[in-house]
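Structure, as structure tokens:
The values are calculated or read from the model by the stated rules, or taken from the named source; none is laboratory data. No experiment lies behind these values; they were computed from the predicted model shown. Cβ coordinates were reconstructed from backbone atoms using ideal geometry, including for glycine residues, and neighbour counts include every protein chain displayed.
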Amino acid sequence: MDERINEILRLIDIQLATVPDNPIEESYKARTLASYVQALNGLLTAQKSYKEETNE
């Protein structure tokens, strides 16, 4: 799980470092970042649930 989270964080870093030079690229960057954040949120939620279950 940690590997997947780190991979998503790496992909987010890459997108944030990209400087779009036209509106199409800027729109793509925004959609891509939104998708990565959604995936990251899902992974973090799953990780939290797993840790809570194993601590009970």
Scan segment 1-41 for residues that are without any contact (Cβ under 8 Å) to a residue 24 or more places away in the chain and surrounded by 12 or more Cβ atoms within 10 Å (Cβ to Cβ) and report the count. 12
Quick one: would you say Thr54 is more than 10 Å from the chain's Cα centre (by Cα), modelled with pLDDT under 95 and hydroxyl-bearing (Ser, Thr, Tyr)? yes
For segment 36-53, does any single residue satisfy the condition of being assigned to a loop (DSSP other than H, G, I, E, B) and not hydrophobic (A, V, I, L, M, F, W, C)? no
Testing Glu53 on (1) loosely packed, with under 10 Cβ neighbours inside 10 Å; (2) in contact (Cβ under 8 Å) with a residue 12 or more places away in the chain, one condition comes back false. Which one is that? (2)
